Amino acid sequence: MKNLDVVALCGSLRSASLNRRAIRLAQEVMPSHMAIEELDWRAVPILDADALAHGYPAPVAALRTRIRAADAVLIATPEYNFSIPGGLKNLIDWLSRGEDQPFDGKPVAIVSASPGPLGGARVQYDLRKVLLFVNAMPLVKPEVFIGGATAKFDAETGACTDATTRDFVTKQMAAFAGWIAAVQRMQGSTAPARP
């Protein structure tokens, strides 16, 4: 079975973010042939077309290269004001510039964690629209919304203490591995013949 290289983006920059804890949970329960590396995007500036005219800033160029090389992307994000956090949207906007943008044909899984009861459901719907526009391949099911998340992760260690949440994320990561393989097979079968 092919090893899968997955990169993760956390929609919150807070070190103790519930969504960073969701990434850690995914790393704990992922299939044995999958590796998940969380990427640091704190140095990405606000998108500025004048700056882009001089090329990608170094942090953006490095992220584009790393995401393009990965088999897939996991996004764990909170919901801010009923939608996508501004920083995460800015990151996607930077990454999506240019014909060689790294989301093209890339399998993506989404998880959201929130102290509220909906678990970030609205951010996932908006994020899916953006991902479809950049031609990503979002995993449809199972969806994972971690509502009441403050009570589901240990306040000091960040470990998931809720068996149901652990089970949901385990099933999602197994489905994600299958989805990555399916997308790769599809892309392999439709790849143009090389001369």
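The values are calculated or read from the model by the stated rules, or taken from the named source; none is laboratory data. Keep in mind that what you see is a predicted model, and the values were worked out from it rather than measured. Methodologically, a virtual Cβ is constructed for each residue, glycine included, from the backbone with ideal geometry; neighbour enumeration extends over all protein chains shown.
A few notes on this one:
- Residues of segment 59-74 satisfying the condition of being aliphatic (A, V, I, L, M) and part of a helix (DSSP H, G or I): V60, A61, A62, L63, I67, A69
- Residue in segment 149-159 that is surrounded by fewer than 19 Cβ atoms within 10 Å (Cβ to Cβ) and in a helix (DSSP H, G or I) present: yes
- Segment 34-57: number of residues that are in contact with a Lys or Arg (Cβ under 7 Å, 6 or more places away or on another chain), outside any helix (DSSP H, G or I) and either touching a residue at least 40 places away in the same chain (Cβ under 8 Å) or loosely packed, with under 14 Cβ neighbours inside 10 Å (or both): 1
- Of the residues in segment 153-160, none is under 30 Å from G98 (Cβ atoms) and in contact with a helix residue (DSSP H, G or I) (Cβ under 7 Å, 6 or more places away or on another chain).
- Residue ID - surrounded by the most Cβ atoms within 10 Å (Cβ to Cβ), chosen from residues in segment 103-148 that are within 22 Å of A26 (Cα to Cα) and free of Cβ contacts under 8 Å to residues at least 12 places away in the same chain: Y125
- Taken over segment 1-33, the criterion of being modelled with pLDDT under 95 and hydroxyl-bearing (S, T, Y) is satisfied by S15 alone.
- Of note, D100 does not satisfy the criterion of being charged (D, E, K, R), loosely packed, with under 14 Cβ neighbours inside 10 Å and under 14 Å from the mean Cα position of the chain (by Cα).
- Residue within segment 19-26 that is under 18 Å from the mean Cα position of the chain (by Cα), in a helix (DSSP H, G or I), among the small types (G, A, S) and surrounded by 12 or more Cβ atoms within 10 Å (Cβ to Cβ) present: yes
- Residue within segment 75-94 that is closer than 19 Å to P138 by Cα, part of a loop (DSSP other than H, G, I, E, B), among the small types (G, A, S) and touching a residue at least 12 places away in the same chain (Cβ under 8 Å) present: no
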